[in-house]
C-alpha cells in the first residue's frame, strides 16, 4: 500500500517524487501537474519537504552497461 500525501486528491507520495524527478522544481509546478494543495492545502508542508530533499539530493543517473 502506498503512502498518501494529498488525501483530497488521493495523490501518493511516489507520484510527487516522480514529478520532482521528472523535472518539477516548484510547488506550483507539482500543483499544476497533480492537483495537490488545490483544496485544503494540508499536504503543502509535506510536499515542500519532498521538494527540498529531492532537489538537494537528486537521484543519481542510471549506470551505463
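Bear in mind that the values in this text are calculations on the coordinates, not laboratory data. Keep in mind it's a predicted model, so treat the numbers as computed, not measured. Cβ atoms come from the backbone with ideal geometry, glycine included; neighbour counts cover every protein chain shown.
Got a number for residues in segment 52-65 being outside any loop (DSSP other than H, G, I, E, B) and in contact with a helix residue (DSSP H, G or I) (Cβ under 6 Å, 6 or more places away or on another chain)?
The number of residues fulfilling the criteria is 1.
Could you grab me the full set of residues in segment 23-47 that are touching a helix residue (DSSP H, G or I) at 6+ places or on another chain (Cβ under 8 Å), in a loop (DSSP other than H, G, I, E, B) and more than 19 Å from residue 58 (Cα to Cα)?
Within segment 23-47, 36, 37, 38 qualify.
Are any of the residues in segment 12-22 touching a residue at least 40 places away in the same chain (Cβ under 8 Å), closer than 26 Å to residue 61 by Cα and surrounded by 12 or more Cβ atoms within 10 Å (Cβ to Cβ)?
Looking for residues that are touching a residue at least 40 places away in the same chain (Cβ under 8 Å), closer than 26 Å to residue 61 by Cα and surrounded by 12 or more Cβ atoms within 10 Å (Cβ to Cβ), one finds none in segment 12-22, hence no.
Which of the residues spanning segment 1-22 are in a helix (DSSP H, G or I) and either in contact with a helix residue (DSSP H, G or I) (Cβ under 8 Å, 6 or more places away or on another chain) or on the phi > 0 side of the Ramachandran plot (or both)?
13, 15, 16, 17, 19, 20, 21
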